[in-house]
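Undergrad: Below is one structure. I have some questions about it.
Just so it is clear, none of the values below were taken in a lab; they were calculated from the coordinates. Just so we're clear, the structure is a prediction, and the values are computed from it rather than from any experiment. FYI the Cβ positions are ideal-geometry reconstructions off the backbone, even for glycines, and counts take in every protein chain you see.
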Amino acid sequence: MGDFLLVTIQIDMHDRLAIALQDDLTNTISETEARGVLIDISSLEIVDSFIGRMLANIAAMARVLDAETVVVGMQPAVAITLVELGLSLPGVRTALNVDAGVEMLRASVDGTKGAYGTRLR
Amino acid sequence: MALVSAETLRVDAEPDVVQVRRRVREACASLGFSLVDQTKMVTAASELARNTITYGGGGVLSLQTLNGPRVGIRLTFADKGPGIPDVELAMRDGFTTGSGLGLGLGGAKRLVNEFDISSEPGGGTTVSITRWK
């Protein structure tokens, strides 16, 4: 996947596990200097306010580390419920699937090259 | 109103929230709830179960399935915690005394058909939600 990290959440996480994922992922972004993070939540049957906050936190921390986050694969029933719950996931970009998410990340990473010069690795 | 089944689950620690979600999902599915309705009820249950632990210091969930004239599920979360001094304020979106988003109570109410809350300082909190098929 080149400069992007792919995280697939496959289990129903209790809160402490969600926080551990948030911390691990932030460290991994820093260590790998990833430019983008894809979080695949297609296996998640619900997103409540805690998981929603975790996703928003990851996106915010990644941004500080110069990486973009895209959440992919949200089930329609989860999306409908999120809206009624009142969660807007501020700062979190979404895409229908991993392929669309990769496209989105490529576009935004390429788009930033011009302004600050191409990154040297 | 005919009560078809009733069970109670302890809601004391974080892993119990996962268990609550699983049981509520099973109960909704067994009654033939649509996937969207299942998801709404499970999400509301998750918010309230977390509140029971975080603010109530743990408690009990009573899960009832109802039948006749209407089919539905009623969840009652009861804790013996410090109670809520101002229920109206606690229901408001964005209000929290903890570290959450303040969407738990108000959000849960929007996801169900009936919502009842009773609380008094020092007397614990009971929240009951019902979703009809």
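Undergrad: Would you mind counting up the charge near B:I53? Only other residues with Cβ under 11 Å from its Cβ, with Lys and Arg at +1 and Asp and Glu at -1. Show your work: numbers first, answer last.
TA: Working: positive: B:R10, B:R50; negative: A:D15, B:D12, B:E14, B:D16, B:D79.
Taking every other residue near B:I53 into account, the sum is -3.
Undergrad: Can you list the residues of region A:61-77 with backbone N under 17 Å from a point 7 Å past the Cα of A:D110, pointing along Cα to Cβ?
TA: Of the residues in region A:61-77, A:68 have backbone N under 17 Å from the label point off A:D110.
Undergrad: Here is a follow-up. To the nearest 0.05, how large is the calculated FRET efficiency for A:D24 and B:E26 if R₀ is 22 Å and r is the Cβ-Cβ distance? Numbers along the way, then the final one.
TA: Numbers: r = 31 Å, r/R0 = 1.40.
Using R0 = 22 Å, I get an efficiency of 0.10.
Undergrad: Run the dipole for region B:2-132 about the Cα centre, Lys and Arg Cβ at +1, Asp and Glu Cβ at -1, nothing else charged, and hand back the magnitude in debye, nearest 20.
TA: Working: 14 positive and 14 negative charges, 82 e Å.
Charge dipole, region B:2-132, about its Cα centre: 400 debye, nearest 20.
Undergrad: What is the sum of charges around A:L38, taking Lys and Arg as +1, Asp and Glu as -1, for the other residues whose C-beta is under 12 Å from the C-beta of A:L38?
TA: Working: positive: A:R35, A:R93, A:R106; negative: A:D3, A:D40, A:E68, A:D99, A:E103.
Local charge sum for A:L38: -2.
Undergrad: Right, something else. List the relative contact order of chain B as a percent without decimals, with contacts defined as Cα pairs under 8 Å and 6+ residues apart. Present the calculation step by step, with values, prior to reporting the outcome.
TA: Working: 278 pairs, mean separation 36.3, N = 133.
It comes to 27 percent, rounded to a whole number.
Undergrad: Just how many pairs of Lys in the protein assembly as shown have C-alpha atoms closer than 23 Å, counting pairs that are eight or more places apart or on different chains?
TA: Lysine pairs meeting both conditions in the protein assembly as shown amount to 4.
Undergrad: Let me ask another. Determine the sum of side-chain charges near A:M13: Lys and Arg each +1, Asp and Glu each -1, restricted to other residues whose C-beta is under 11 angstrom from that of A:M13.
TA: Details: positive: A:R16, B:R21; negative: A:D12, A:D15, A:D48, B:E14.
Once all neighbours under 11 Å are counted, the net charge is -2.
Undergrad: Please report the relative contact order for chain A, taking Cα pairs under 8 Å with a sequence separation of at least 6, and give it as a percent rounded to a whole number.
TA: Numbers: 161 pairs, mean separation 31.1, N = 121.
Relative contact order for chain A comes out at 26 percent.
Undergrad: Same structure again: Out of every Cα-Cα pair in the protein assembly as shown, what percent are more than 32 Å apart? Can you show the working numbers first?
TA: Details: 9051 of 32131 pairs.
Percent of Cα pairs beyond 32 Å in the protein assembly as shown: 28.
Undergrad: Then there is this: Please give the helix B:35-54 orientation as an angle from the longest Cα principal axis of chain B, in degrees from 0 to 90, rounded to the nearest 10.
TA: 30
Undergrad: Still on this structure, I have one more. Over 14 Å, how big is the tail of the calculated P(r) for region A:1-91, in percent of all Cα pairs?
TA: 63
Undergrad: Average partner chain C-beta neighbours within 10 Å, per residue of B:41-48?
TA: Values: counts 2, 6, 13, 5, 2, 9, 4, 0.
Per residue, the number of nearby Cβ atoms from other chains is 5 on average.
Undergrad: Also, I was wondering about something else. Where the only charges are on Cβ atoms (+1 Lys, Arg; -1 Asp, Glu), what is the dipole of the protein assembly as shown about its Cα centre, to the nearest 20 debye?
TA: Numbers: 24 positive and 30 negative charges, 79 e Å.
Dipole about the Cα centre, nearest 20: 380 debye.
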